[in-house]
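*Asks:* My questions all concern the structure below.
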Amino acid sequence: MNLVTGATGFLGTHLLAKLILQKERSIAIFRSEQKKQHSIKILLKYDEITPKSISENIRWEKADILDIPRLEEIFKTKIKHLYHCAGLVSNSPSDYKEMRQLHIHGTKNIVNFALDYGVEKLCHVSSIATLSPDEISDRITEKITISEQDKTNIYAIAKYGAEREVWRATQEGLNAVIVNPGVVLGDGFEASGSGLILKKAKAGFSFYIPKQTGFVDVYDCVEIMYQLTQHEVKQQRFILVSENTDFKRVMTLIANAYGAKPPSIKLSKTLMYILWVIESMISVFGYKKQINLNLIQNLNSKLIYDNSKIKELLNFEFKSIEDSIKLIAYHDKEEES
């Protein structure tokens with residue numbers, strides 16, 4: 001039996017699809033009935049998945065990973081592989097307390113029960129945000145994490161805290177791997193996270209940030225996560241990045257795939273600072289800030305993430321970002337027809 005936290009999220013839903021197609025039984029933890037129904041809707045878009053295959057392979061459990069008694073009830077079922085996908089992606093300072101609770105305390109609960117109930121292996125989903133370049137090269141590998149003193153990226157700090165809970169549990173006997181995906185591209189979830197990039201680019205959004213980072217296809221992510229749980233490797237982390245490229249290129253590829261106008265106006269640091277000040281002023285009226293100083297400070301960064309470790313371990317070849325975007329557009333057009 002598998003256990004998937006964050007099962008109704010972007011990555012969790014596509015992971016459930018992978019497990020269903022492998023005919024593996026899974027417990028799927030969810031918090032919102034509405035999100036559960038959306039997840040089922042996405043699952044049914046897979047050609048080989050039917051309502052019957054979902055009901056035969058998925059046991060839905062409504063729970064919060066901060067609810068210790070409820071979690072214990074779920075862990076009483078013998079769990080072989082645990083996929084911890086639950087999390088909140090946000091750059092808003094107002095979400096920091098919730099992110100710390102969910103990522104750090106929630107992960108602490110998950111790994112403690114994994115230890116108590118003899119889970120064979122944990123695959124923990126983190127982020128490339130927790131990684132830093134070394135002093136010699138500007139390439140980023142799995143070796144160096146962010147400094148504990150770096151308080152500028154609230155999302156990275158929360159995810160880093162979650163990683164520390166996982167590593168602590170490995171010292172106590174838990175077998176685990178951590179995956180650090182880049183910006184994940186895929187279909188079905190355009191209301192939040194990386195899906196907003198797709199949504200804006202499809203609509204012909206004119207603005208772009210010059211930042212370069214790592215991107216990866218959602219199907220590659222879940223395939224690697226599945227293979228890692230089957231593999232003997234343990235107590236290691238892996239960067240999941242297909243390509244290092246800039247947001248303008250990605251948004252242009254999306255726009256071209258949908259016949260939309262590609263972005264043409266670069267957001268400068270000066271303009272971003274002005275927008276940040278405006279957001280700060282109106283946030284007193286309850287508006288949630290979307291721009292933070294970390295984003296502005298790293299607006300022109302050209303980060304390069306090294307994916308050689310996972311490629312060598314699994315002999316894995318990533319989809320190109322262009323192919324990933326073409327597949328997303330194909331699925332959308334197929335659904336419309």
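*Asks:* Any idea which of Leu82, Ser32, Asn112 is furthest toward the positive side of the dipole for the stretch 1-115, if Lys and Arg beta-carbons carry +1 and Asp and Glu beta-carbons -1?
*Replies:* Checking the options against the dipole of the stretch 1-115, the answer is Leu82.
*Asks:* If each DSSP helix of 4+ residues adds -39,500 (n - 2.57) and the sum is divided by the residues in the chain, what number results at 222 nm, nearest 500 deg cm²/dmol? Each step should come with its number before you reach the end.
*Replies:* Numbers: 14 runs with 145 residues, N = 337.
Result for the chain: -13000 deg cm²/dmol, rounded to the nearest 500.
*Asks:* Just the C-alpha atoms of the chain: what Rg/Rh do they give, with Rh taken as the Kirkwood radius?
*Replies:* Over the Cα atoms of the chain, Rg/Rh equals 0.95.
*Asks:* Quick one: net charge around Val119, please, counting Lys, Arg +1 and Asp, Glu -1 for every other residue with C-beta under 14 Å from its C-beta.
*Replies:* Details: positive: Lys76, Lys78, Lys80, Lys121, Lys234; negative: Glu72, Asp116, Glu120, Glu172.
Net local charge, Val119 excluded: +1.
*Asks:* If amide hydrogens are placed 1.01 Å from N in the peptide plane, which non-local residues have theirs closer than 5 Å to the one on Lys211?
*Replies:* Phe247
*Asks:* Using a 7 Å offset from the Cα along the Cα-to-Cβ direction at both Glu72 and Lys35, what is the distance between the two label points in nm, to one decimal?
*Replies:* Going by the 7 Å Cα→Cβ label model, 2.5 nm.
*Asks:* Here's a follow-up. Name the long-range amide H neighbours of Ala86: under 5 Å, sequence gap of 5 or more, or other chain; modelled H, no Pro or chain starts.
*Replies:* Correct list: Thr5, Gly6.
*Asks:* Counting Lys +1, Arg +1, Asp -1, Glu -1, what net charge surrounds Glu172 among other residues with beta carbon under 14 Å of its beta carbon? Spell out each step's value before the answer.
*Replies:* On the way: positive: Lys108, Arg164, Arg168, Lys234; negative: Asp116, Glu165.
My count for the surroundings of Glu172 gives +2.
*Asks:* Given the options Cys123, Ser268, Ala158, identify the residue whose Cα lies farthest towards the positive end of the charge dipole of the chain (+1 on Cβ of Lys, Arg; -1 on Cβ of Asp, Glu).
*Replies:* Ser268
*Asks:* List the residues, sorted by chain then number, that are 5 or more residues from Tyr305 or on another chain and whose placed amide H is less than 5 Å from its amide H.
*Replies:* Distant-sequence amide H within range of Tyr305: Ile140.
*Asks:* If you don't mind, there's one more thing I want to ask. Where nothing but the Cβ of Lys and Arg (+1) and of Asp and Glu (-1) is charged, how large is the charge dipole of the chain around its Cα centre, in debye to the nearest 20? Please list the in-between numbers first.
*Replies:* Values: 44 positive and 41 negative charges, 128 e Å.
I would put it at about 620 debye.
*Asks:* Order these by the 10 Å Cβ neighbour count, fewest first: Met272, Met1. Can you show the working numbers first?
*Replies:* On the way: Met272 17, Met1 13.
The order, fewest Cβ neighbours first, is Met1, Met272.
*Asks:* Which ³J(HN,Hα) values in Hz, rounded to whole numbers, follow from the phi angles of the stretch 190-196 under the Karplus curve 6.51 cos²θ - 1.76 cosθ + 1.60, where θ = phi - 60° and Gly and Pro get x?
*Replies:* Result, rounded to whole Hz: 9, 8, 7, x, 5, x, 5.
*Asks:* Could you list the residues of the stretch 160-182 with an amide nitrogen less than 11 Å from a label point located 7 Å from the Cα of Lys234 in the Cα-to-C-beta direction?
*Replies:* Within reach of a label on Lys234, which here means backbone N under 11 Å from a point 7 Å along Cα→Cβ, the stretch 160-182 contributes 170-177.
*Asks:* Quick one: go through the stretch 72-95 and flag any residue whose amide nitrogen is under 11 Å from the point 7 Å out along the Cα-to-Cβ line of Asp116.
*Replies:* 72-76, by backbone N distance to the label point.
We did not get these values from a lab; they are worked out from the coordinates using the rules stated. Being a predicted model, the structure only gives us computed values, none of them experimental. So basically every Cβ, Gly included, is an ideal-geometry build from the backbone, and we count neighbours across all protein chains shown.
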